[in-house]
Amino acid sequence: MADELSRLKIDQSVKTFTRGGKKKIIYITAGIALVILLVILYALGILRPAVRVDVATVSRVYPTQTYSLLNASGYVVAQRKAAVASKVTGRLVSLGVEEGNPVKKGQIIATLEDDDVLAARRQAAANLAVAKAQIEQAQADLHEAALNYNRKKQLLARQVLSQSEFDQAEARYKDTTARVASAHAAVAAAQAILDGAEVALEYTRIRAPFDAVVLTKNADIGDIVTPIGAAADAKAAVVTIADMSSLLIEADVSESNLSLVKLDQPCEIQLDALPDDRFRGAVHMIVPTADRTKASILVKVKFIDQDPRVLPEMSAKVSFLSHPIGPDDRKPRTAIPRNAIRHQGEKVSVFRMEENRAVEIPIRTGMILGDLVEVTHGLSIGDRVVTNPPENLKSGTCIKTDEK
């Protein structure tokens, strides 16, 4: 029994071998899993070194950009503009308009104090009435003198009247005739004085010289308005108005590019205040003189379509085009560079940059816009796409650009 118990021993070498075998199996399994994981990550592009690429931003463009010959900047300027003032000095007692109000030709914009002018007008009217009454009296005297003269002329012919009595009647007739002529002259003089008073009264009524819109209000009720504005606190102009139908773009074109511009040439106008709109235009005038300080020529461009949102002094950009704008050319298009597109059979795609990775996106394209292509589906304004993508570029590959 003791011998049997003594033979019951644990083989330490076997135990050591068993534990070591398990560790090796674990290490081998872990290694294989790590290799598989690395292969998968490399295949996905995660462990690959970042590929240096160029990128472009998906933008909104207009088809007119593809046939624009020249671009210039300028300002909206009203060709009919006036600082409306009075011809006489006076205190402003009423002002019937404010900024933005439309006015018609002849409309009273403001009035000046006119008590003294009204008094002078009433006096002139009274003097005219007196002069007209004197005409009636003189004509009555002339009628009586004419009858007396004719009667005595007949008596003289029959030798029943002395020559001296006839001479007195003739002299009175001539005197009354002269007084009638004098009375008519007095009426004309009184009428002229009244007309002068009417003109002076009209000077106190400040009227619009043409159909326009009020741009600025330069005076208020109670201000002294004077033609020259030399007095302290005096105002020379009451309002400034402009004819909105006369708005043109005045742009400076370099002398070296003047050959690209001609009269009635179609243009496209963009206003900084209305960036989402484009306006049709045409060359109205090439001013026949140069600005030697800027080596440029002033070109005036008119609007084909009137828009109430266009205001004087707005800054503008003008594109001089090679042919007129078509109906579809006024619609903005989403576009990318042509070299960003990858063709694989019928599949059309691009690599969109998402954070620091290139993700392949299928797209649908539209019309060709020079070096750009319209994208109708798949991308949005502001997305960034890889241009000239390498042949081995895969979706998910880490990329980097030269941009800082």
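Quick notes on this structure:
- With respect to the conditions (1) part of a loop (DSSP other than H, G, I, E, B); (2) loosely packed, with under 13 Cβ neighbours inside 10 Å; (3) over 15 Å from the mean Cα position of the chain (by Cα), Q306 falls short on a single one, namely (3).
- Hits in region 101-119 - residues which are surrounded by fewer than 17 Cβ atoms within 10 Å (Cβ to Cβ) and touching a helix residue (DSSP H, G or I) at 6+ places or on another chain (Cβ under 8 Å): L118
- In region 337-374, the residues that are in contact (Cβ under 8 Å) with a residue 40 or more places away in the chain and assigned to a strand (DSSP E or B): P337, R342, F351, M353, R357, A358, M367, L369, L372, E374
- If the condition is being surrounded by 13 or more Cβ atoms within 10 Å (Cβ to Cβ) and in a helix (DSSP H, G or I), then region 157-173 contributes F166, Q168, A169, E170, R172, Y173.
- Among the residues making up region 220-242, those that are at pLDDT 90 or above and either farther than 15 Å from V93 by Cβ or surrounded by 14 or more Cβ atoms within 10 Å (Cβ to Cβ) (or both) are V238, V239, T240, I241, A242.
- Scan of region 79-89 for residues that are of a type outside the set (A, V, I, L, M, F, W, C) and buried (at least 20 other Cβ atoms within 10 Å of the Cβ), ordered by number: S86
- Every pair of residues 6+ apart whose Cβ atoms lie under 6 Å, when the first sits in region 119-140 and is assigned by TED's automatic domain parsing to the domain that holds A188 while the second is surrounded by 13 or more Cβ atoms within 10 Å (Cβ to Cβ) and not aliphatic (A, V, I, L, M): L128/Q191; A138/R179
- Options Q123, Q154, Q134: the member that is in a helix (DSSP H, G or I), surrounded by 15 or more Cβ atoms within 10 Å (Cβ to Cβ) and out of contact with any Ser or Thr (no Cβ under 6 Å at 6 or more places or on another chain): Q134
The values are calculated or read from the model by the stated rules, or taken from the named source; none is laboratory data. The structure presented is a predicted model; accordingly, all values stated were derived computationally and were not measured. Please note: Cβ atoms are built from the backbone with ideal geometry, for glycine as well, and neighbour counts cover all protein chains shown.
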